[in-house]
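What follows is a set of notes on a single structure, which appears directly below.
The values are calculated or read from the model by the stated rules, or taken from the named source; none is laboratory data. None of the values given here were measured: they were computed from a predicted structure. Heads up, the Cβs are rebuilt from the backbone with ideal geometry, glycines too, and the neighbour counts pull from every protein chain shown. Heavy atoms of the whole protein, side chains included, go into the accessibility calculation; ligands, DNA and RNA do not. Shrake-Rupley method; radii C 1.70, N 1.55, O 1.52, S 1.80 Å.
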Amino acid sequence: MTALVPMTRRLLGRGLPGLLALLLGIVLFELIQALVVDSFGGTEGLGSLLDTLPPAIRTLARAQPEFLAVSGLAGYLSFGFTHPLYFVLACAVVVGFACRSLAGEMERGTIQLALSRPVSRARVYGARVLGLLIIVAALAAGGPLGLLAGLLYARPEGEFVYAHLLPTALASGLLFWAIGGLTLLGSAAANTSGRAVAWAIAGLIVSYFVDYFAALWGLLETFEFLSVFNYYDPAQTLVNGRLRSIDVAVLGTVGLVGVLGGLAVFVRRDLPA
Amino acid sequence: MSDSHPIDAAIVTSGLSKRYGEVEALSRLDLAVPRGAIYGFLGPNGAGKTTTIRLLMGFVKPSAGWATVLGHDAWRDGVAARRELGFLVAPDALYTDMTGLAQLDYAASLSGRPPLLRGALLDALELSEAALGRRLGTYSKGMRQKLALTAAIQHDPALLILDEPTDGLDPLIQRAFEQVLRERRDLGRTVFMSSHDLAEVERTCERVAVVRGGRLIAEETIVGLKRRQRRSAEVVFRGAVPEGLGRVPRVATVGHRGDRVELSIDGDVAPLLRFLAGEDVVDLLLPPPRLEDIFMGFYGDGTDGERDQDGPADDGQHLTERVSEGVELVGRR
C-alpha cells in the first residue's frame, strides 16, 4: 500500500496539466449545452432546427425527433453526452493515461524505477488501475457538473430533474471504465505508447461506427452488441433517470476483463529493452 | 537448484539463458558472485551484459536456467530479491519533469528504507542542493548519472547492481565514486558492475567475469587473470646471453639483439627472476600485466557482433584456443 500511493500520485502528476485542460474542456462543453438551448429559444427553437437536419446527421447526434418530442429539455441536453467532441475529449484523457502510464513508461524505461525496488508487478499495475479509476471518476463527474453549472446560470425553459445527473455520471463513468480497461490491456501488451494509442484509437473508431451505422444499415445491427457504445444511453438516464442493468453489467464486466487481462499480460511479459 | 555454487553467494546463476526469437542473447551462464566483493562484468557491446543484468533484476524472464539474488529467485521471487538491492537506472529513464530531490524521495519511498547515505553520496559526487532543486530536464548527462547513482545507493543496499556506473562522470568524480564502492565493500556490501572502463575495473574489482556472444568465456580474480597472462620482458646482460636462459620453465626467447633478449613468459615470472638473480644483468624491463591486454586477448580475433549473427558454432574451438594460451576459462556448453 505504501508504494501504491506515491506511484499513483506520480502517474497522475506527470500528465496533470493536460488532464486538467481536457477535463476543463469537457466541463465547458457541457456547460455550453445549456447556454445553446437557451439561445435557440429553449426546446421549441432547437427542435425546429433539428428538423432541418438530414436523418444521418440526426442519427450521428442521436437526435431522433420522436424521442425529442417527448423528452423535452433533458433530451436535448443529452446530445452533449453523445456528441463526438465529448467522446474525443474524454477518450483522449482515458487513452492518454492508460497508454502513457504503462506502455509509455516501459518504452522510456521509467517503470524500472519502481520495478527495481521491492514492489511487485501487480502493485505497479495496480497503481495504473487506481489512476484510471480516479480519472474515470473525474470524467464521469466533470460533464454533469458542467451541465449543472450551465443550467443554473442560463436557466433555460423546460423541465429538468437534477437528480438524473447522477445516473448520467454513472453511465459515462462505466463507458470510460470499459474503454480504459481495454486500453490498459493493449498498453500492457505493447512495447511503445505509440502502438498502444494506435490500437486504442482503431478499436474506438470501429466500435463507434459499428454503433452509429447500425442505426442506418441493418446488416450491422447483428454486430451492434459488440460495441461498447451500444451500452451507453445518456438520453435514458438524463430523461428518465434510469440506468439499464444490462448496460451496467456489460460495461462493468468489459472494463474488469480488460484490467485483469492487462494484469495477466503485464506480470508475465518481458520489459522492452 | 544446483548446489555447486557457494550458498552465501550474493548472485548465483545456473544455465541462465535468454533467447529473443532466433537470437540467443545469453547462453547457459553459470556464475557465483561472492558476498562482500566488487565484481566486474565485462564484455563488448552485445555480449550479453545488459541481458544478464535485466535477468537478475527480473525485467525479463529466463528462457532456461535460473538466477538467484541474495538467495531469492530473480524471476519468481523478485520482490524479496529486490528488498536489499540497489539498481542503477539508466539516466534517460529518470522522470525529467521531477526535481532531483523529488526523484530521490520517490525512489526512497518505493524502497521502503530511509535514505541514510544520501548526504554522504551527494557530497562525494558533488551534487549540490541547488541542483537538487532543479528539474531533471535541465541536468547534464553527468548530473543525471550522479543522481541515478545516489538513488541506487542512498538506502544502503546489501547488493548493488550497476550497469556502466561511471559513464558520463568526470575522472575526479569517477575516482570519488570508486572510493564509495570500496567503502561499501569494506562494510560487507556486494557490488556487481558492468563497465567498459577496464582501468576502472582493474582499480576497483577483485574478480571479473568476461562474456562474449552471450557466453561466459572467463571468470577469475584479476590477480589470477594477470598471473596467467602471457607477458613479455626484455633483459640486457653484461656480456653474452647465458646459455641456461633457454631452459628456464615457461620462458621462451622471441628476439635476440646483441646483449639484449626479448622474452615471452607464460604465467608465473618467479622461475625467470630466480635464474636472473645468478646472472650479470644490466637491465630488466617487465611491464605489469594490464587487464586491457587480457581483455583485448579475448576479443582481438573477431567482432562480437559477428558472433551474435553467426551463433555459437565455433565457440568450442575458441575456448580450446584460449585454454592453450594458458588462460583459465570456464565457458560452459
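Give the residues of the stretch A:239-270 whose amide nitrogen is closer than 18 Å to a point set 7 Å from the Cα of A:Leu166 in the direction of its Cβ. Backbone N within reach: A:239-245, A:248. Here the Karplus relation 6.51 cos²θ - 1.76 cosθ + 1.60, evaluated at θ = phi - 60°, turns the backbone of the stretch A:90-99 into coupling constants of 5, 5, 4, 5, 5, 5, x, 5, 4, 7 Hz, with x for every Gly and Pro. Computed with a 1.4 Å probe over protein heavy atoms only, the accessible area of B:Met143 comes to about 40 Å². Overall dimensions of the stretch A:110-224, expressed as equivalent-ellipsoid semi-axes from the Cα gyration tensor (√(5λ), whole Å, largest first), are 34, 24, 11. Each chain gives up part of its surface: A and B jointly bury about 2400 Å² of accessible area, both sides summed, for a 1.4 Å probe.
Approximating the spin labels as points 7 Å out from Cα along Cα→Cβ, the B:Glu22-to-B:Leu172 distance works out to 5.2 nm.
Modelled spin-label separation between B:Arg257 and A:Asp51, with each label point placed 7 Å from Cα along the Cα-to-Cβ direction: 11.2 nm.
For the segment A:9-19, counting C-beta atoms of other chains within 10 Å of every residue's C-beta and taking the mean gives 2. For the protein assembly as shown, a Kirkwood radius taken over Cα pairs fed into Stokes-Einstein (37 °C, viscosity 0.692 mPa s) yields D = 115 µm²/s. Using 0.36 nm per residue and subtracting the Cα-Cα separation, the extra length available between A:Ala249 and A:Ala198 on full extension is 15.6 nm. By the helix-only formula, in which each DSSP H run with n ≥ 4 contributes -39500 (n - 2.57) and the sum is divided by residues, chain A has a 222 nm mean residue ellipticity of -24500 deg cm²/dmol.
Dividing the mean sequence gap of close Cα pairs (under 8 Å, 6+ apart) by how many residues the stretch B:230-288 holds gives a relative contact order of 49 percent. For the stretch B:1-95, applying the loop criterion from DSSP together with a ceiling of 10 other beta carbons within 10 Å to the GluC sites (Glu not before Pro) yields B:Glu22. Bridgeable lysines around B:Lys49 (alpha carbons under 21 Å apart, same-chain partners fewer than 8 residues away excluded): B:Lys18, B:Lys61.
Summed over qualifying helices (DSSP H, 4 residues or more, each -39500 (n - 2.57)) and divided by its residue number, chain B shows a 222 nm mean residue ellipticity of -9500 deg cm²/dmol. For the stretch B:181-280, a simple Cβ point-charge model (Lys and Arg +1, Asp and Glu -1, everything else neutral) yields a dipole of about 320 debye relative to the Cα centre. Computed about the Cα centre, the dipole magnitude for chain B is approximately 680 debye when only Lys and Arg (+1) and Asp and Glu (-1) carry charge, each at its Cβ.
Within 10 Å, at most 15 other Cβ atoms, and a DSSP state outside H, G, I, E, B define an exposed site. Report the longest part of chain A free of exposed GluC sites (Glu not before Pro).
Formally, the longest exposed-site-free interval is A:1-156.
Looking at chain B, the accessible area is 44 square angstrom per residue; that uses a 1.4 Å probe and ignores ligands, DNA and RNA. Would you mind telling me the share, in percent, of accessible area of chain A contributed by carbon and sulfur at probe 1.4 angstrom? That fraction is 70 percent. With R₀ fixed at 22 Å, the C-beta to C-beta distance from A:Leu20 to A:Leu152 puts the FRET efficiency at about 0.50. Equivalent ellipsoid of the stretch A:4-268: semi-axes from √(5λ) of the C-alpha gyration tensor, largest first, are 36, 20, 15 Å.
A simple spin-label model places the labels of B:Arg76 and B:Ala277 5.7 nm from each other, with each point 7 Å out along Cα-to-Cβ. For the pair A:Leu219 and A:Ser120, the difference between a 0.36 nm per residue extended length and the Cα-Cα distance amounts to 30.9 nm. With springs only between Cα atoms under 10 Å, which of B:Val235, B:Val33, B:Val69 fluctuates most in a Gaussian network model of chain B? Among B:Val235, B:Val33, B:Val69, the largest mean-square fluctuation in the Gaussian network model of chain B belongs to B:Val235. Scalar couplings 3J(HN,Hα) for the stretch B:24-39, obtained by applying the Karplus form with A = 6.51, B = -1.76, C = 1.60 to θ = phi - 60°, are 9, 7, 8, 10, 6, 7, 10, 8, 9, 9, x, 5, x, 10, 9, 10 Hz; x denotes Gly and Pro. The three principal axes of the C-alpha atoms in chain B carry coordinate ranges of 73, 45, 35 Å, sorted with the longest axis first. Suppose we compare each residue of the stretch B:109-154 in its chain alone and in the full protein complex with a 1.4 Å probe; which ones drop by at least 20 Å² of accessible area? Listed in order, they are B:Ser109, B:Leu110, B:Ser111. In the stretch A:120-273, Cα pairs under 8 Å separated by at least six residues give a relative contact order of 35 percent. Divided by 2.2 N^0.38 Å, where N counts the residues, the Cα radius of gyration of the stretch B:230-288 comes to 0.98.
Suppose R0 equals 51 Å; then what is the FRET efficiency for B:Met296 and A:Val5 from their Cβ-Cβ distance, rounded to the nearest 0.05? Can you show the working numbers first?
Numbers: r = 51 Å, r/R0 = 1.00.
Efficiency for this residue pair is about 0.50.
In chain A the longest region clear of chymotrypsin sites (Phe, Trp or Tyr not before Pro) that are loop-assigned by DSSP and have at most 15 other C-beta atoms within 10 Å covers A:1-216.
Among the trypsin sites (Lys or Arg not before Pro) in the stretch B:186-276, those placed in a DSSP loop whose Cβ has at most 12 other Cβ atoms within 10 Å are B:Arg238. A:Arg121 sits among other residues whose Cβ lies under 10 Å from its own Cβ, and their net charge, with Lys and Arg +1 and Asp and Glu -1, is +3.
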